[in-house]
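To start, the structure under review is shown below, and the notes come after it.
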């Protein structure tokens, strides 16, 4: 399985979005300081994740969440974190986001259909 995850810094409450095949091991790496980009903001807690069987779809979704509109989607009040809180059921394809897409409008639908 391939995972897209969102961490929140307990130091400054900032977020980090990433991709991995092992969420627990990756969280440990972030918290140990082994990931240079996040080393100054540790410790982190896992606030959201989803899993994909298809690596390409997972990477596309991570890229989307790091884009301008995806960044807003992941962090606004009616966000991925609040609509799909942990524990997160595995999403095997982006099409399973259908009910969520309906809640956030046409723009997200367009983006997801184009992936």
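The values are calculated or read from the model by the stated rules, or taken from the named source; none is laboratory data. If you're wondering where the values come from, they're calculated on a predicted model, not measured in any experiment. For neighbour counting, all protein chains shown are included, and Cβ atoms are generated from backbone atoms with ideal geometry for every residue, glycine included.
Looking across the stretch 48-59 at every residue that is under 13 Å from the mean Cα position of the chain (by Cα) and in a helix (DSSP H, G or I), the one that is surrounded by the most Cβ atoms within 10 Å (Cβ to Cβ) is identified as 58. Residues that are in contact with a helix residue (DSSP H, G or I) (Cβ under 6 Å, 6 or more places away or on another chain), modelled with pLDDT of 50 or more and part of a helix (DSSP H, G or I): does the stretch 38-47 have at least one? Yes, some residue in the stretch 38-47 is in contact with a helix residue (DSSP H, G or I) (Cβ under 6 Å, 6 or more places away or on another chain), modelled with pLDDT of 50 or more and part of a helix (DSSP H, G or I). Only one of these is under 17 Å from residue 74 (Cβ atoms) and exposed (fewer than 12 other Cβ atoms within 10 Å of the Cβ): 13, 36, 24, 62. Name it. Among 13, 36, 24, 62, only 13 is under 17 Å from residue 74 (Cβ atoms) and exposed (fewer than 12 other Cβ atoms within 10 Å of the Cβ).
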